[in-house]
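**Student:** I have a structure here, written as structure tokens, and I will follow up with some questions on it.
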Amino acid sequence: EEAHIGVTGLGVMGRNLARNFARHGHTVAVHNRTVSRMQRMIEDFGGEGAFVPAESPRDLVAALRRPRRLVTMVNAGHATDAVIDEFAPLLEPGDMIMDGGNAHFQDTRRREAALKERGLHFVGCGISGGEEGALHGPSIMPGGSPESYEALGPLLESIAARVNGEPCCTHIGPDGAGHFVKMVHNGIEYADMQLIAESYDLLREVAGYAPARIADVFRGWNEGRLDSYLIQITAEVLAHTDAATGGPFIDVVADRAEQKGTGRWTVGTALDLGVPVSGIAEAVFARSLSGHAEPREAAAGLPGPARPELHPDDARRFTDNVEQALYASKIVAYAQGWHLIQTGSQQYGWDIDRGAVAAIWRGGCIIRARFLDEIRAAYGGGRAPVTLLTDPTFRRALDEAQNAWRHVVAQATELGVPAPGVSAALAYYDALRAGRLPAALVQGLRDYFGAHTYERTDREGSFHTLWGGDRSEESA
Ligand code: NBP
């Protein structure tokens, strides 16, 4: 039987993706550079569906129905290029290569353009949900041509997570759009996790709660508007007891956060495109800071304020305030992420449906949350808010949260508990809504030392003041 789809790269992700296809009734040809890995997979899971084992790229290509649909699930970078170079010569015009790895969207754009010249469709596809998601239903973000989505979409939709019957998969846009959106997803994931971590820290350091108690707080929050995968697993991690010490697990974990780089990509791309994603940037920097053992050790004795114990009633009030601050900061982080998607979409001509992005992140992926329903609704009925902050639902939430939010930032600052994510989110909110920004002074200074010119509020044109002369103004 001819296979409907082929998967090469049967690592953690590829193997589970292949099994997911097979479990949904598709015949899957499977290949791996190290053949024994493919054979082991067939031995372990061959009974789950219809697999066609392929020992070489040629065998894999020969097993596929035309137009061929080939998924590569190997490491991003050189490995992906190597696999493409190996398979492309074996394929025919109209065939498709889908890259499900975490490629940088610029690599995807380059690969798509190169393969297009050979008549091949290249689909850069973001896949979120990790190992479990790959097997049971990930959130899938394919880019590439509309024709390739016609051929690949039904297969992808069949294996994606579902929310209220809708598959968490949609054609994001041409060439690198899918990987771009996956990158922003990961950046938002960084921000979400940082905000959660800060909230935990505030409850511990300011309210004086133990991890088990904080786990209860998160469990409670998960019943409300913060209902999400990350909040749910936060409660589980905080409630976990370490077998070796008998104490809270969180207290034996080294406090150095690692990163594979997609958060950094998001911030780098945002810098290139001039989009202020301060929430994501603070999350990336917070991870970087945590890893700098030497300066941390050197600074460990620096003076800070005293931290008086809170009265239990105040601690409870503070806990409610932290929930508000967390929710408001989350809105800001997502507003920034959506701004980045909007800008990338304009810059590269992708025409991304931002409501659809919210819809496919409601299931399968790491940031899945009830909250995403609200973002989707913000784009409903053809609406396209300039910023999510002005969507009526979010505007109201921010208005209701702002006193608590300010109080939390003030208290964190006063007691010396670092809350860079929550603070930066509030600063963004205040800056965006400010009628006038001190950017005017920055322009004045730039004109003073570098004759960089400025525009005026009352007249068209560019101007320069003769700072070194009689300080008269000239048109530039
Ligand atoms: P694994 O490390 O489990 O597997 C890597 C696969 O790539 C193996 O099949 C390996 O073949 C193959 N490979 C490599 Br490496 N270099 C190759 C080359 N030059 N030619 C042919 N095959 C090569 O990785 P994974 O966790 O499955 O991740 C795969 C991709 O999916 C990555 O881009 C990752 O960022 C992305 N991703 C991962 C997750 C996750 O949660 N793990 C989530 C979303 C996306 P071999 O067996 O012969 O060494």
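The values are calculated or read from the model by the stated rules, or taken from the named source; none is laboratory data. Note that this is a predicted model, so its numbers are computed, not measured. Every residue, glycine among them, receives a Cβ derived from its backbone with ideal geometry; neighbour counts consider all protein chains shown.
**Student:** So, in the stretch 115-139, of the ones that are over 23 Å from Val184 (Cβ atoms) and of a type in the set (A, V, I, L, M, F, W, C), which residue ends up nearest to the ligand (Cβ to nearest atom)?
**Tutor:** Across the stretch 115-139, the extreme among qualifying residues is Leu135.
**Student:** Tell me, which residue of the stretch 21-62 that is surrounded by fewer than 22 Cβ atoms within 10 Å (Cβ to Cβ) and of a type in the set (A, V, I, L, M, F, W, C) is nearest to the ligand (Cβ to nearest atom)?
**Tutor:** Val35
**Student:** Oh, and also: Quick check: is even one residue across the stretch 168-180 over 22 Å from Ser345 (Cβ atoms) and either hydrophobic (A, V, I, L, M, F, W, C) or touching a residue at least 12 places away in the same chain (Cβ under 8 Å) (or both)?
**Tutor:** Taking every residue of the stretch 168-180 in turn, none turns out to be over 22 Å from Ser345 (Cβ atoms) and either hydrophobic (A, V, I, L, M, F, W, C) or touching a residue at least 12 places away in the same chain (Cβ under 8 Å) (or both).
**Student:** Next up: Of all residues in the stretch 225-249 being free of Cβ contacts under 8 Å to residues at least 24 places away in the same chain and under 17 Å from Val322 (Cα atoms), which is nearest to the chain's Cα centre (by Cα)?
**Tutor:** Gln232
**Student:** Residues of the stretch 343-357 being part of a helix (DSSP H, G or I) and either of a type in the set (Asp, Glu) or farther than 16 Å from Gly380 by Cα (or both), which ones?
**Tutor:** Hits for the stretch 343-357 are Thr343, Gly344, Ser345, Gln346, Gln347, Tyr348.
**Student:** Further question: Being at pLDDT 95 or above and within 16 Å of the ligand (Cβ to nearest atom) is the filter; apply it to the stretch 209-261 and report the residue that is surrounded by the fewest Cβ atoms within 10 Å (Cβ to Cβ).
**Tutor:** Across the stretch 209-261, the extreme among qualifying residues is Ile233.
**Student:** Name the residues in the stretch 327-348 that are of a type in the set (Phe, Trp, Tyr) and within 14 Å of the chain's Cα centre (by Cα), would you?
**Tutor:** Within the stretch 327-348, Tyr334, Trp338 meet the criteria.
**Student:** Here's a follow-up. Which one is farthest from Val275 (Cα to Cα) among residues in the stretch 385-399 that are within 21 Å of the chain's Cα centre (by Cα) and touching a residue at least 12 places away in the same chain (Cβ under 8 Å)?
**Tutor:** It comes out as Phe394.
**Student:** I need the full set of residues from the stretch 223-271 which are basic (Lys, Arg) and closer than 16 Å to Asp192 by Cα, in order please.
**Tutor:** Hits for the stretch 223-271 are Arg225, Arg264.
**Student:** Those residues that are over 30 Å from Gly380 (Cα atoms) and either without any contact (Cβ under 8 Å) to a residue 60 or more places away in the chain or among the polar types (S, T, N, Q) (or both), I need them from the stretch 400-413; list them, please.
**Tutor:** Arg406, Ala410, Gln411, Thr413
**Student:** Kindly indicate the residue of the stretch 140-172 that is within 15 Å of the ligand (Cβ to nearest atom) and among the β-branched types (Val, Ile, Thr) and also nearest to Asn20 (Cα to Cα) among those meeting that condition.
**Tutor:** Going through the qualifying residues, I end up with Ile159.
**Student:** Could you check the stretch 241-261 and list, in sequence order, the residues that are β-branched (Val, Ile, Thr) and part of a helix (DSSP H, G or I)?
**Tutor:** Correct list: Ile250, Val252.
To keep it simple, each residue is scored yes or no on (1) at pLDDT 95 or above; (2) exposed (fewer than 12 other Cβ atoms within 10 Å of the Cβ); (3) touching a Phe, Trp or Tyr at 6+ places or on another chain (Cβ under 7 Å); (4) among the hydroxyl-bearing types (Ser, Thr, Tyr).
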residue	(1), (2), (3), (4)
Ala384	no, yes, no, no
Asp391	yes, no, no, no
Ala401	yes, no, yes, no
Arg406	yes, no, no, no
Val409	yes, no, no, no
Ser423	yes, no, no, yes
Ala434	yes, yes, no, no
Gln443	yes, no, yes, no
Tyr448	yes, no, yes, yes
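**Student:** Given (1) surrounded by 16 or more Cβ atoms within 10 Å (Cβ to Cβ); (2) basic (Lys, Arg); (3) assigned to a helix (DSSP H, G or I), where does Arg362 come up short, assuming only one miss?
**Tutor:** The single condition Arg362 does not satisfy is (3).
**Student:** If you don't mind, there's one more thing I want to ask. Would it be correct to say that Glu460 is at pLDDT 95 or above and part of a loop (DSSP other than H, G, I, E, B)?
**Tutor:** Answer is yes for this residue.
**Student:** Residues Val206, Val184: which one is at pLDDT 95 or above and under 17 Å from the mean Cα position of the chain (by Cα)?
**Tutor:** Criteria check complete, one pass: Val184.
**Student:** I would also like to ask the following. Take the stretch 365-395 and flag every residue that is under 16 Å from Arg225 (Cα atoms) and in a loop (DSSP other than H, G, I, E, B).
**Tutor:** Listed by number, the residues that qualify are Ile367, Arg368, Arg370.
**Student:** What is the number of the single condition among (1) crowded, with 17+ Cβ neighbours inside 10 Å; (2) at pLDDT below 95 that Tyr327 does not meet?
**Tutor:** With (1) crowded, with 17+ Cβ neighbours inside 10 Å; (2) at pLDDT below 95 applied to Tyr327, the lone miss is (2).
**Student:** Could you look through the stretch 108-131, keep only residues that are in contact (Cβ under 8 Å) with a residue 40 or more places away in the chain and acidic (Asp, Glu), and pick out the one that is farthest from Val61 (Cα to Cα)?
**Tutor:** Glu131
This table checks each residue for (1) over 29 Å from Ala306 (Cα atoms); (2) of a type outside the set (Lys, Arg).
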{"residue": "Ala384", "(1), (2)": "yes, yes"}
{"residue": "Thr387", "(1), (2)": "yes, yes"}
{"residue": "Pro420", "(1), (2)": "no, yes"}
{"residue": "Tyr428", "(1), (2)": "no, yes"}
{"residue": "Ala431", "(1), (2)": "yes, yes"}
{"residue": "Arg446", "(1), (2)": "yes, no"}
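**Student:** Sticking with this one: Filter the stretch 67-98 down to residues that are within 25 Å of Glu131 (Cβ to Cβ) and within 16 Å of the ligand (Cβ to nearest atom), then give me how many there are.
**Tutor:** 18
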